[in-house]
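Throughout, read-outs are computed from the coordinates displayed, never taken from laboratory work. Predicted, not measured: the structure shown is a model, and the values here were computed from it. Cβ: placed from backbone, ideal geometry, glycine included. Neighbour counts: every protein chain shown.
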Amino acid sequence: MIYFLLTARHNYTIRQYLRSWGRELTSRMQVIPYSALPANRELPAGTYVFSDIERLTAVQRPLVEGVWERLAKAGDAVRLLNHPGRSMRRHRLLRSLHERGLNRFNAFPPNEPGQPWRYPVFVRKENEHTGSLSALLHDREAVEKALLTLIMDGHDPRELLVVEFCDTADGEGVYRKYAAFRIGDEILPRHVLFSRNWVLKDVDLLEPAHREEVKAYCRENPHEEQLRAVFELAGIEYGRIDYSLQGGAIQVWEINTNPVVMRPPAEYPAATLAFHEAFAKRIGEAFVHIDSPNRSAIRIPMEWDADPFTL
């Protein structure tokens with residue numbers, strides 16, 4: 001059995017998949033919000049996917065880590081993916097990739113002293129997946145004005161990140177965003193999105209040549225080993241990596257530990273359904289591969305020894 005842990009507000013990411021493409025997995029996958037965990041005095045053995053770890057608050061994180069550690073004491077009776085404390089969130093990952101010379105851009109908390117920014121930059125939330133909150137900013141005065149506007153709009157400055165812009169457009173001004181899943185030991189290429197806009201969240205351009213490029217990407221999985229190395233660095237065994245290429249080198253934007261697995265079939269154009277059906281088959285098999293033998297009779301006690309009111 002696979003137990004999929006997430007924040008209650010974001011359960012649509014896996015539930016809409018299980019209600020459509022993944023219906024055959026409903027007998028072997030159970031979705032559990034983190035908020036439901038305290039009601040359990042014990043948990044069954046199985047595979048546990050700790051998702052949404054970037055959205056855990058500073059108070060939630062040690063409590064969820066405690067769940068991981070208690071489950072880990074069961075040894076081979078459980079399989080655990082994404083340690084809630086050790087898995088890298090966006091800032092730490094981007095900084096680590098830059099320090100290793102893999103990413104050509106860096107990211108900074110707004111109040112980090114002594115760090116020169118390479119302009120232009122933009123501002124985004126550190127732990128959400130909503131894209132840029134600002135236009136491209138070309139000097140410190142513009143950054144300060146953008147930050148002040150966001151703060152006055154209700155954003156917590158401790159949750160913001162200043163990111164250096166990395167121009168990955170090709171010679172024709174087209175940007176590409178690649179996406180691939182890691183599920184256990186498997187790297188599954190998902191898609192390539194094309195746009196003339198640097199903020200790329202959905203399909204913008206889709207000419208016949210683009211369709212063929214997407215098919216080739218998913219068929220050949222050309223960046224598999226590079227992506228596996230990034231996932232290993234991040235300590236993430238389940239999630240989706242979003243990235244692009246600059247001069248042939250991968251440039252990683254983020255790893256989302258609770259991505260939308262697949263939209264319902266009706267939300268895809270009829271002409272692309274065969275492509276999505278092929279991916280549904282591959283990802284369904286990958287979920288089966290991380291499933292654990294049925295050992296639900298083995299129960300792991302849960303003790304909530306941390307007092308959240310004193311953390």
Footprinting proxy, V261, V49: sorted fewest to most Cβ within 10 Å, the residues are V261, V49
Between R89 and residues 5 or more places away or on another chain, the pairs with built amide H atoms under 5 Å apart involve none
Gyration tensor on Cα atoms of region 68-203, a ≥ b ≥ c root eigenvalues, a/c under 1.5 rounded, else prolate if a/b beats b/c, else oblate, says oblate
Taking I53, I151 and counting other beta carbon atoms within 10 angstrom, the fewest-first order is I151, I53
A correct Karplus calculation of ³J(HN,Hα) over region 212-217, with 6.51 cos²θ - 1.76 cosθ + 1.60, θ = phi - 60°, whole Hz and x for Gly and Pro, returns 5, 5, 4, 4, 5, 4
Calc'd 3J(HN,Hα), region 153-161, phi into Karplus 6.51 cos²θ - 1.76 cosθ + 1.60 (θ = phi - 60°), Hz, glycine/Pro = x, comes to 8, x, 7, 7, x, 6, 9, 9, 9
Sequence order, region 163-177: Karplus ³J(HN,Hα) from phi using 6.51 cos²θ - 1.76 cosθ + 1.60, θ = phi - 60°, Hz rounded, Gly and Pro as x, gives 10, 5, 6, 10, 7, 10, 5, 7, x, 9, x, 9, 8, 10, 10
Percent antiparallel among DSSP beta bridges confined to the chain, nearest 5, equals 75
Straight-line reach check, K145, cutoff 20 Å on alpha carbons, 8 or more apart in-chain or any other chain, hits among aspartates and glutamates -> E112, E126, D153, D156, E159, E164
Non-local residues with an amide H under 5 Å from the amide H of Y3, with H modelled 1.01 Å from N and Pro and chain starts lacking one, are Q30, T47, Y48, V49
Taking a straight Cα-to-Cα line shorter than 19 Å from K281, and setting aside same-chain lysines fewer than 8 residues away, one finds K215
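Can you classify region 106-164 as rounded, prolate or oblate using the Cα gyration tensor, where a ≥ b ≥ c are the square roots of its eigenvalues, rounded means a/c under 1.5, and otherwise it's prolate if a/b beats b/c and oblate if not?
Working: a/c = 1.37, a/b = 1.28, b/c = 1.07.
It is rounded, given that a/c, with a ≥ b ≥ c, falls under 1.5.
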Between L43 and residues 5 or more places away or on another chain, the pairs with built amide H atoms under 5 Å apart involve I300, M302
For the chain, shape from the Cα gyration tensor axes a ≥ b ≥ c, cut at a/c of 1.5 then a/b versus b/c, turns out oblate
In whole percents, the bins of 10 Å from zero upward hold the Cα-Cα pairs of region 6-48 as 24, 50, 25, 1
